[in-house]
Structures are given as C-alpha cells and as structure tokens.
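Reading through the structure tokens given below for one structure.
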C-alpha cells in the first residue's frame, strides 16, 4: 500500500499542472464560446458546457499518454521499478480518473451556478437529474475508453523499437480493423445470446430511466436496461486489461 501511495504521489505531481489548465479551460471555453457565437447566452452556455463535459470522456487517455511519455523519458527508473505492473497501472488509472472526475465536477458545478441566473429556472431544475446522469455516464465511459486505449498504447510501444514511427500507422490500422470486427460481432446471433439476459424494464423506475439516458445505454420501446450487455462488456474489458498488462510487462518493460 505504501508503494502504491508513493506511485500515486509521483503521478499526481506530474498531472496536477495539466489539471489546473483543464480547470481554466472549463471556464474559458463555455463562456467564450457562448459570447462569441450567435446564441442566446444561456442556451449557448448550456450547449458548450455540455460539449466540454462530453469531451471529458477523452481526458483520461490524454493524461495517461502524458504519464507514459514521462515514464518513457526515464526508462532507467520506470523499467527497473520494483513495483508490479498492476500497481503501476493502478496508480496511473486512479490518477487520471481522479483528475478527470475533479474537472468534470468543476464544469458541472460551474454550469449549475451559471444557469441559476437563467431566465427560466424551472426548466433548468428539470434538467438537473439528467445532467447528473450525463456526467456519471461520461466518467463511466471514460474508464472503458482508458482500458481500451491502454491496450493500443501497449501495442504501439511494443512495435515502436522495431519499426519506429511506422508504429503509429500500424496501431491506428489495427484500431480500425478491430473496431470493424467488433461492429460485425455485435450484429451476430452469438453476441445476442451472450448479452440478451437480465433485461430490466424502465417504465416503472424514473431513476433507472434517467440513469440509462445519462449512461447512453441503448434501450428499445418499451424502455429496458440491458444488464447482460453491461456485464459482458465489463468482463471483456477486465480480460483486455490483464492481456495488456501482461503484454506491457513482457514486451515493453522487459
């Protein structure tokens, strides 16, 4: 635990400056865009604040790239660390998700404060439950994207010593290929058989309905929450993480 705490402090020291920049951008982008573009101010503020919130989905992979780049700049320390790959990953994942959560909470709070001055306060209040679920959904998907990104960044660092800059092209090519294969797999009967269970109807629970909308969980009419699909994807992501961590340990840190 002490080793993990030390790794977290080291990673946080690197990230905190970038987090301060993100917190400033959380203010500047919505306000500046709402004033520059031809929108009614509060409507524009809501649109651009929502856009900035959605962009937080990609914040962890940017921060993770920064951390890994810093580590690669000091291979004499990183590659010979006594910490296991899982402790190193836990530190980095916790750091980037924690920083993302802080920034997301900041922009969400600012949006709420700004919209308190909106002319139609009743409509704003009606948006709050959906907005909270929207923010939770962004954080949820950011974790998924970070694990997938870790797999591809491991692939990239494995190939880079051998093929140099061409590794960018090859990694991107594999990403497009696997994305196409995943879309095709989702259309198969096998995928339906693996995920078509524990379907929760949402018409009796407004909370679950709002949560599904915030998490952008696909549901049909009548509205349902597909727990089986969520469980299947979660298992795949866990397996992908362990494959990536093993690969990183054997091919990148070796």
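Coordinate-derived values only; no laboratory data. Remember, it's a predicted structure, so these values are computed and weren't measured experimentally. Virtual Cβ from ideal backbone geometry, glycine too; neighbours counted across all protein chains shown.
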Query raised in the report: How long is the gain from residue 40 to residue 90 if the chain were fully straight, where each residue apart is worth 0.36 nm and the alpha carbon distance is subtracted?
Result: 13.6 nm
Query raised in the report: Sorted by packing (mean other beta-carbon atoms within 10 Å per residue), highest first, where do 148-154, 184-190 land?
Result: 148-154, 184-190
